[in-house]
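See structure below.
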Amino acid sequence: MDILVCVKQVPGSSDVEVDPVTGVLKREGFSTKLNPYDLYSIEMAMSLREKYGGTVRAITMGPPQAKQALLETVWMGADGGVLLTDRAFGGADCLATSYALSQAVHKMSSYDLILCGKQTTDGDTAQVGSELSEELGIPNIGNAISIKLEREGFITVTQNLDDRIVTAEIPLPCLVCVDGDINSPRLPSYKRSKQVPQNAFTSLTLKDIEDQDKTHYGLLGSRTNVERIFPPEKNADRKTLTGTSSELATQISDILKTGKFIG
Amino acid sequence: MAHLVIHKELVNKENIDKVLKICPFGGLESECDELLLTAGCKMCGLCIKNGPHGMITKEEDQTPVVQIDKSAWKGIAVYVDHSSSGIHNVTLELIGKARELASVTKEPVYALMIGHNITQAAQSLLKYGVDKVYVYDYPALQDFLMEPYANVFEDFIQKVKPSSILVGATNLGRTLAPRVAARFHTGLTADCTKLEMKENSDIVQIRPAFGGNIMAQIITPNSRPQFATVRYKIFSAPAPAANPAGSLEKMTIADDRLKTLVRILSVKEKEKVMDISEADVIVAAGRGFKTQADLDMARELADILGAQLACSRPLAESNWFDAKHQIGLSGRTVHAKLLITLGIAGKVQFTAGMKGSDCIIAVNSDPHAQIFDVAHYAVVGDLYEIVPQLITLCKEAKAHALS
């Protein structure tokens, strides 16, 4: 089974603040990491390859430094990866991102299965996987907790669908978004990190994909528009209770009594 | 639409590093002392605002974007999330919000219900103020299957042309909405916590980003329908009306649109487990508790108040609690009548999941704790001293009420 895993490089920490006066993002340094949710889908891909053979390749879109995310997947065991990078892709929303990814997938050799993580830790939208499957015109399923190969040309996927667990058979090729916390992702191998083959990675830019119309990508291809960012609201009418611990306990119990939560 | 232009003549060795540091997204890089924009650029404008004056500017694109005719799209549609256990409450909450939004633009409120043998359930939605419930009732739609459901959704959009579509951010909704939004090449904003209607029918969508540490205000300015997903318990369900005025409309679709090669092998109902998002009264514990044994205090207080015990992310991560007890963006959203937080710092990650609660009493020893920003009652003090005394007082009050 030949598998593509979509990964993303995300900020190392989400501890960002917005200056309430200037509206400017305050951020200490700029560190990055592989999106933690992707670790589960990479692990899933590895275990499928171990069981059924085939290849695992990673694909990511981002600035040139996003190659680091691909490297990490190779250290975990992936065979190689594709970096989709071009200024034209910058500022993309979910739709423009998934369209660009679909164009890159068309350029790659054939695949049986595309795996995505549940969501990223910076955007948290959980939308790109499903949108990518639509762009590619292949079936998709979300929140997968297990994948098996039981019949030629199909996979059997068990899915966490809110109040029920659904097991379904899906024809290949298809796209599966993997739930979080479903396996124990392997650690990157030091040995592998020293033996990354020269030709493990390829880069694709706008010139390398079929649709080269800039207005389909990045900010121009986005349908949503971020008007502004701002710090979360504060509650203006709060009451601060003061006093000794026993006075504070009494005040709280009075509030509980007034609200009819006790007594 | 616009793009950024770097004025090379203003770039020099001294200021290049400064500009590189301004960008939080890695959107700028230097190559041979030349400043370049990379794919990381999010057009946030920080480099224009905080960089050397005039070095980077925003230029409007020459080719004007064709404006769509928004008047061809009318109505706010809510996708009805349901299963064998009934209609998910998030649907009612979204109907309530859709009515508020629709009152600004004088649009109708629609519901789209897809399934089999659902007429009665569809009828029950009318009392919440839906003008029209569009029903696709076919045996092939008994269980949720992506392709037939997406095809039906597409059919509905093409026939009814709603301006906006609200979908509950359940696992199902979070998979279905993007599939349909991509089919129409339109915008979809995930997990909105606030929605407001503009006169021009654009919905102002506000959602947390970066783990909830900042809020982003997003619009879909030039495509329709505009899609948004909203989590359960963010908005309130409206009170049912005695004499509903709306109606049902039975929809038809060609059989071949309902076909799929995906086959469901089994559907297993999950066991009903305690769900903190349903709780009216919650006591939530955070890192202020030094040991796991100390949580007994919180548990005792919760028991007296008939409350559910919940926690913040660090306690779930250290396995003191099961993940389903965790409040926050990466846990559950709660909308309690009373929420007492003990020793919780109140990172936005946490508060995004609880600030809709009616009465929030926060106990924390740090007077600058962020939790106080959302609390109704800020109690600055040591939980190890306050909680035992509070337990005693609550016990007394209870005994007094019984006598």
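Please treat every number below as a calculation from the coordinates, not as lab data. Values in this document were obtained by computation on a predicted structure and should not be read as measured data. Note that we place each Cβ from the backbone using ideal geometry, even for glycine, and neighbour counts take in every protein chain shown.
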| field | Under Karplus coefficients 6.51, -1.76 and 1.60, residue-wise ³J(HN,Hα) of the stretch B:366-377 in Hz, glycine/proline x | value | 8, x, 9, 4, 5, 4, 5, 5, 10, 6, 7, 10
| said: Around B:LEU4, under 9 Å between beta carbons, what's the net of Lys plus Arg minus Asp minus Glu among the other residues? | reply: 0
| remark: Percent antiparallel among DSSP beta bridges confined to the protein assembly as shown, rounded to 5, stands at 40
| Among rounded, prolate and oblate, which fits the stretch B:276-402 when a ≥ b ≥ c are the square roots of the eigenvalues of its C-alpha gyration tensor, a/c under 1.5 means rounded, and a/b larger than b/c means prolate? | rounded
| When only DSSP loop residues count, what trypsin sites (Lys or Arg not before Pro) in the stretch B:105-172 have their Cβ near at most 12 other Cβ atoms within 10 Å? | B:LYS106
| Of B:LYS49, B:LYS70, B:LYS290, which is the most mobile in a GNM of chain B whose springs link Cα atoms less than 10 angstrom apart? | B:LYS49
| remark: Relative contact order in percent for the stretch B:2-60 (Cα pairs under 8 Å, 6+ apart) equals 47
| note | Output ordering of B:186-198, B:133-145 (per-residue mean of other Cβ within 10 Å, highest first) is B:186-198, B:133-145
| said: If I build a Gaussian network model for chain B, linking alpha-carbon pairs within less than 10 angstrom, which residue out of B:ASN50, B:ASN171, B:ASN89 has the largest mean-square fluctuation? | reply: B:ASN50
| task | Kindly provide the helix-only [θ] at 222 nm of chain A, computed as the sum of -39,500 (n - 2.57) over DSSP H runs of four or more divided by all residues, to the nearest 500 deg cm²/dmol? | result | -8500 deg cm²/dmol
| Hey, which of these cross-link pairs are over 23 Å Cα-Cα: B:LYS347/B:LYS398; B:LYS42/B:LYS355; A:LYS148/B:LYS268; B:LYS18/B:LYS58; B:LYS270/B:LYS324; A:LYS33/A:LYS191? | B:LYS347/B:LYS398; B:LYS42/B:LYS355
| request: Express in % the proportion of alpha carbon pairs of the stretch B:2-60 at distances exceeding 14 Å. | output: 46
| request: Can you find, among A:THR215, A:VAL56, B:SER84, the residue farthest towards the positive end of the dipole of the protein assembly as shown? Put +1 on the C-beta of Lys and Arg, -1 on that of Asp and Glu. | output: B:SER84
| said: Take chain A, mark every one of the GluC sites (Glu not before Pro) that falls in a DSSP loop and has at most 15 other Cβ within 10 Å, then report the longest stretch left between them, sites excluded. | reply: A:29-151
| message | Using Cα-Cα distances under 8 Å and only pairs 6 or more residues apart, what relative contact order does chain B have, in percent? | response | 12
| remark: Ranked by GNM mean-square fluctuation in chain B (Cα springs under 10 Å), the top entry among B:PHE25, B:PHE210, B:PHE235 is B:PHE25
| said: Using Cα-Cα distances under 8 Å and only pairs 6 or more residues apart, what relative contact order does chain A have, in percent? | reply: 23
